[in-house]
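So the structure is just underneath, and the comments pick up after that.
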Amino acid sequence: MAAAPSSLGTHFKEELSCSICLELFTRPKVLPCGHIFCQDCLQDHARRQLPLLCPICRRQVRPPPQGFAGLPDSHIIASMCERLQQQATLSGETIEQPQSANRCSSHPFEELKVYCIQCQVRVCDQCLEETHDGHGTTSIKKAAQERSSTVQALVNEGRNIVESYLSFLRSLREEEKTLNEKKQQRDNNIIQAYNQMVQKLTQRKDHLLAESEENHTKNLDRIHTERDQVLADINELSAACARAEQELQQGWVEFLSQQTALTEVVGKYREKAAPTPVQTQPAVFQPTDTPVPVLGHVTVQSLPSAPIPAAPAARSTGHHHRNQRQGGRQPQKVTFGGYGSGTGQFMGPWGVAVSDEGEVFVADWGNQRIQVFALQGTFVPLFPTVVSAGQEMQPTDMAMDGKGNLWVVGWTDSAHFAVQYNKQGRVLRKFDLQKTGWDRGVAVDTRRNHILITQTTGDWGNTHGEVLVFRPDGTLVGTVGQQQGMRFSRYITVDKEGNILVSDINNACVYVYNEDGQFLFQFGGLGSDEGQLKDPRGICTDRAGNIIVADTGNSRVEMFDKTGKFLKHITTDMERPCAVAMATQGQLVVTDDEDHSVSILQNI
């Protein structure tokens, strides 16, 4: 085989040389970035530089657990180096290694002897004659000595910068330590203030109870004293009358002998004033204006808040259709919303709740979010009904708990959930529910801190409804309504006495249970007459305990008393009233899933 041209052989030698040792590869290893080096060169390089960077592309290299020997071998490079050595041996040539660090790149056989001051490079004699003629030069050693001071100054400057950064880190650690100490002290002060206030409240409670007991005892003493006196008079009069009747039966002589005694006793009580009512003075407890004492305030200077988006214009409705509200007048109301995904629009407003502060929360089913409004219909904020990162559920109902947080039920394509959010939309806790093909309602028993969720199972035409009672951690406490034949338990509420009210869509009625889940009664029934229901959905109670039902199929909202007796039509001018909620200020909030709106009714 003919030898390769000299220039081509030199090119091959350069390509097959390690850029660290400038010699043919020995045990070539491939880094993750694709560059190749000798295994021993990598090991030497790693001892001088941490973290290890690729000498060519400067990417950081993490050796495998078994060291550089564990890196992939470049078998092709190794094979080419071996063949190049064999070819040189057969042709009688000696492979010249590429120039060392002291060889000129333009003249490989010339040493770099002097330093060109003007070009600031090392040059050989041949370069000096060809391209650096007339330039000032100096020895390489002297040039290195002169530049060492500059380099050292840069090193010193760099180290000073590093020291300033380290000092900054130390100050951060001190600041963090100080913040932790201040927080601990602040928390201790809050706890101490709380404990002191609890102690004072306890002492005040005991004092008030003692005063109440003392007042009660005095009133009872007055009653008992007066009762004893009246009983003594009754006994004296009854005895005198009894003796007179007995003597009267025995004969006239004995009767005449006793007449004087009876006349004296009766005359005594004839002149005596009749007993007067006892004047008791029961005490009255008058709570202070601030029933919850204020411990103090934790304040921090806040940045200006972002502007609130413009609210969608609320519309007043005055049209009427179907049968009119009993009494002739429709309640005054404000309506807002409309179909869509924009701010203040809805795609299925299936749930609603109102906070004590008058915030209206609407479960926007199709848009997978909760929207918040003021009682005047102005938009405040909204938040998506997130279950976990990247997963949002479609909310079917929600309820407010005793701490002002929201419990929302809904589903994703894969599961059903009950999720607790704070008012800003942060997930506080959640638990899984049985996956069914039907939507759920939710209510909160604030007295027992139980979460009540409706559940319907089975196929259409053969459904079974019930109510599941959970603790906030998802523990099932019990079930309600299994014996009454509920078919589609949809919406649910708990009144102020703890009674549980459930609307059954398929049976067109409302079931009522006590706080222990015992059945009390049901009312409604399929129809359009007064007191009848058709597709009943949302349910709530007002301050008087009256029951309000969204009679969806009859396009009206009904009011019943606490025994289930029909009282009146609240409104009859809505398309499909769906969810209802009563505000503490007396307004009734009703959603409509036909025109995707929310109405706030005054003076119901």
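So that you can scan it fast, the table gives a plain yes or no per residue for (1) surrounded by 10 or more Cβ atoms within 10 Å (Cβ to Cβ); (2) closer than 30 Å to residue 120 by Cβ; (3) touching a residue at least 24 places away in the same chain (Cβ under 8 Å); (4) among the aromatic types (Phe, Trp, Tyr):
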site	(1), (2), (3), (4)
138	yes, yes, yes, no
146	yes, yes, no, no
150	no, yes, no, no
184	yes, no, no, no
188	yes, no, no, no
195	yes, no, no, no
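How many residues, within the range 369-389, are of a type in the set (Gly, Ala, Ser) and either buried (at least 17 other Cβ atoms within 10 Å of the Cβ) or over 15 Å from the mean Cα position of the chain (by Cα) (or both)? Give the derivation first.
From the range 369-389, those of a type in the set (Gly, Ala, Ser) are 374, 377, 388-389; that's our starting set.
Restricting the remaining residues to those that are either buried (at least 17 other Cβ atoms within 10 Å of the Cβ) or over 15 Å from the mean Cα position of the chain (by Cα) (or both) gives 374, 377.
Of the residues in the range 369-389, 2 are of a type in the set (Gly, Ala, Ser) and either buried (at least 17 other Cβ atoms within 10 Å of the Cβ) or over 15 Å from the mean Cα position of the chain (by Cα) (or both).
Being assigned by TED's automatic domain parsing to the domain that holds residue 496, in contact with a Pro (Cβ under 6 Å, 6 or more places away or on another chain) and not aromatic (Phe, Trp, Tyr) is the requirement here; does residue 427 meet it? Step through it out loud before you land on a result.
Working: assigned by TED's automatic domain parsing to the domain that holds residue 496: yes; in contact with a Pro (Cβ under 6 Å, 6 or more places away or on another chain): no; not aromatic (Phe, Trp, Tyr): yes.
No.
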Test for residue 441: is it assigned by TED's automatic domain parsing to the domain that holds residue 368 and on the phi > 0 side of the Ramachandran plot: no
Test: residue in the range 532-540 that is assigned to a loop (DSSP other than H, G, I, E, B), exposed (fewer than 14 other Cβ atoms within 10 Å of the Cβ) and touching a residue at least 24 places away in the same chain (Cβ under 8 Å): no
Near pairs, Cβ below 8 angstrom, 6+ apart or cross-chain, from the range 210-223 (within 22 Å of residue 277 (Cβ to Cβ)) to any residue that is of a type outside the set (Ser, Thr, Tyr) and surrounded by 12 or more Cβ atoms within 10 Å (Cβ to Cβ): 215/283; 216/283; 222/278; 223/278
The one condition in (1) modelled with pLDDT of 80 or more; (2) surrounded by fewer than 12 Cβ atoms within 10 Å (Cβ to Cβ); (3) over 30 Å from residue 121 (Cβ atoms) that residue 86 fails to fulfil: (1)
Conditions (1) in contact (Cβ under 8 Å) with a residue 60 or more places away in the chain; (2) among the charged types (D, E, K, R); (3) in a strand (DSSP E or B): number failed by residue 430: (1)
In the range 457-507, the residues that are part of a strand (DSSP E or B) and charged (D, E, K, R): 459, 466, 490, 504
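Check every one of the strands (runs of 3 or more DSSP E) wholly within the range 99-209 and list those with 2 or more residues that are farther than 30 Å from residue 23 by Cβ and over 51 Å from the mean Cα position of the chain (by Cα). Even if it seems obvious, please write down each step before you answer.
Numbers: elements: 114-116, 121-123, 137-139.
In the range 99-209, the matching strands (runs of 3 or more DSSP E) lie at 137-139.
On the given criteria, is residue 578 surrounded by 18 or more Cβ atoms within 10 Å (Cβ to Cβ), touching an Asp or Glu at 6+ places or on another chain (Cβ under 6 Å) and part of a strand (DSSP E or B)? First the steps, then the outcome.
Numbers: surrounded by 18 or more Cβ atoms within 10 Å (Cβ to Cβ): yes; touching an Asp or Glu at 6+ places or on another chain (Cβ under 6 Å): yes; part of a strand (DSSP E or B): yes.
Considered against the rule, which asks whether it is surrounded by 18 or more Cβ atoms within 10 Å (Cβ to Cβ), touching an Asp or Glu at 6+ places or on another chain (Cβ under 6 Å) and part of a strand (DSSP E or B), residue 578 comes out as yes.
The values are calculated or read from the model by the stated rules, or taken from the named source; none is laboratory data. Predicted, not measured: the structure shown is a model, and the values here were computed from it. So basically every Cβ, Gly included, is an ideal-geometry build from the backbone, and we count neighbours across all protein chains shown.
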